[in-house]
Amino acid sequence: MRILILGGSSEATLLAKTLSQRADLDAILSLAGRTKNPAPMPLPTRSGGFGGVEGLVSYLRDERINAVIDATHPFAAQMKRNAAQACAATNTPLCAFTRAPWVAGEGDDWIEVDSAVEAAAALGETPKKNVFLAIGRQQAGAFAGSPHHFVLRAIDAPDAEALPASLDLVLARGPFTVADEIALMRDKKIDILVSKNAGGEATRAKIDAARVEKLPVVMIRRPKTPERPVFENIGDALAWIEAHCPAS
Ligand code: NAP
């Protein structure tokens with residue numbers, strides 16, 4: 001049985017490690033190919049876009065894929081839509097393996113918005129703030145016209161697209177501890193954090209640090225996702241695989 005894992009998340013890595021132990025399953029991990037030096041993976045890996053829905057339909061047919069697990073990052077909305085359409089067109093079973101979003105608790109001061117553009121607007125014009133932009137590099141352009149000073153942390157440098165005029169680039173790969181995040185916030189005199197509601201443990205230290213430092217957070221809500229079974233627990237995802245890819 002051939003399984004395609006759409007990756008780019010810690011869930012995909014966990015699933016890849018688990019399925020690499022299974023001799024009865026032939027699993028392939030697909031990455032978008034954005035990260036310049038991706039961590040080594042325990043499964044055969046392909047890299048780069050499929051070429052939209054049509055390209056993915058061809059790939060599923062050519063590679064005789066029996067089931068697809070969408071383990072992309074919660075904000076990879078286009079890939080999720082493409083996977084749902086291509087799986088529907090080819091009658092390929094599809095499920096998602098992901099993590100629950102974060103929920104604001106006591107001591108959190110969140111301004112929730114629906115996009116990076118709305119996050120930029122939520123910062124207002126005055127007074128001038130030091131903004132910790134912890135949303136990766138891809139949507140930094142949404143803050144290009146903003147009058148504030150930005151500390152942009154990303155794994156790789158952003159492309160030479162429009163970026164905020166006042167920018168301090170911090171190139172670093174997590175995970176970060178709460179102590180790391182507090183140290184950065186203090187060092188850079190951060191007034192406000194902008195984050196995506198990625199959920200999970202790997203990137204939540206900045207949210208905990210903002211609570212400790214009593215900093216407001218502009219939290220970008222997740223994009224809408226297509227209808228398909230969604231699992232937040234690896235055991236449930238494995239049970240789905242058993243049901244759709246029975247051992248031969
Ligand atoms: P996206 O907007 O949903 O996807 C844009 C295009 O990238 C897709 O249409 C597809 O190209 C290609 N693509 C995305 N994921 C792919 C995969 N796993 N395998 C092959 N092609 C893929 O995605 P994104 O937000 O740019 O994210 C790109 C990748 O980074 C994803 O794999 C995601 O899991 C990971 N990631 C994203 C974020 C985030 O905040 N967005 C954060 C951490 C990691 P074609 O149409 O040509 O097939």
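The values are calculated or read from the model by the stated rules, or taken from the named source; none is laboratory data. Predicted model, so just to flag it, every value in this text is computed and none were measured. Here the Cβ positions follow ideal geometry from the backbone for every residue, glycine too, while neighbour counts run over all protein chains shown.
Structure notes:
- Meets criteria (among the small types (Gly, Ala, Ser), within 21 Å of GLN139 (Cβ to Cβ) and in contact (Cβ under 8 Å) with a residue 60 or more places away in the chain) for ALA76: yes
Condition check ((1) more than 18 Å from MET1 (Cα to Cα); (2) within 9 Å of the ligand (Cβ to nearest atom); (3) of a type in the set (D, E, K, R)) across all residues:
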| residue | (1), (2), (3) |
| --- | --- |
| GLN21 | no, no, no |
| ILE28 | no, no, no |
| PRO38 | yes, no, no |
| ASP70 | no, yes, yes |
| HIS73 | yes, yes, no |
| MET79 | yes, yes, no |
| ASN82 | yes, yes, no |
| ALA89 | yes, no, no |
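- Going through (1) outside the structural domain of LYS36 (by TED's automatic domain parsing); (2) within 16 Å of the ligand (Cβ to nearest atom); (3) more than 16 Å from the chain's Cα centre (by Cα); (4) free of Cβ contacts under 8 Å to residues at least 40 places away in the same chain one by one, GLU118 falls short only on (4).
- Contact annotation: residue pairs with Cβ atoms under 6 Å, 6 or more positions apart or on different chains, pairing a residue in the stretch 18-32 that is more than 20 Å from SER47 (Cα to Cα) with a partner that is of a type in the set (A, V, I, L, M) and surrounded by fewer than 15 Cβ atoms within 10 Å (Cβ to Cβ), are ASP24/ALA247.
- Check on ARG211, in contact with a Gly (Cβ under 8 Å, 6 or more places away or on another chain), assigned by TED's automatic domain parsing to the domain that holds ALA116, of a type in the set (D, E, K, R) and not in a strand (DSSP E or B): yes
- Among the residues of the stretch 1-10, the ones that are more than 14 Å from the ligand (Cβ to nearest atom) and part of a strand (DSSP E or B) come to 1 in all.
- Meets criteria (small (Gly, Ala, Ser), touching a Leu at 6+ places or on another chain (Cβ under 9 Å) and modelled with pLDDT under 95) for GLY48: no
- Yes/no for ARG173 being on the phi < 0 side of the Ramachandran plot and without any contact (Cβ under 8 Å) to a residue 24 or more places away in the chain: yes
- Restricting LEU60, LEU25 to those that are surrounded by 16 or more Cβ atoms within 10 Å (Cβ to Cβ) and modelled with pLDDT under 95 reduces the list to LEU25.
Yes/no matrix, rows are residues, columns are (1) among the β-branched types (Val, Ile, Thr); (2) modelled with pLDDT of 95 or more:
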| position | (1), (2) |
| --- | --- |
| GLU201 | no, no |
| LEU215 | no, yes |
| ILE220 | yes, yes |
| GLU227 | no, yes |
| ILE234 | yes, yes |
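- Residue in the stretch 135-153 that is farthest from the ligand (Cβ to nearest atom), counting only those that are within 10 Å of VAL117 (Cα to Cα) and not in a loop (DSSP other than H, G, I, E, B): PHE143
- Test: residue in the stretch 144-167 that is touching a residue at least 12 places away in the same chain (Cβ under 8 Å), under 20 Å from ARG34 (Cα atoms) and touching an Asp or Glu at 6+ places or on another chain (Cβ under 9 Å): yes
- In the stretch 193-206, the qualifying residues are those that are surrounded by 22 or more Cβ atoms within 10 Å (Cβ to Cβ) and aliphatic (A, V, I, L, M), and the one that is farthest from the chain's Cα centre (by Cα) is LEU193.
- Options ARG173, ARG222, ARG137, ARG186: the member that is surrounded by 18 or more Cβ atoms within 10 Å (Cβ to Cβ) and of a type in the set (D, E, K, R): ARG137
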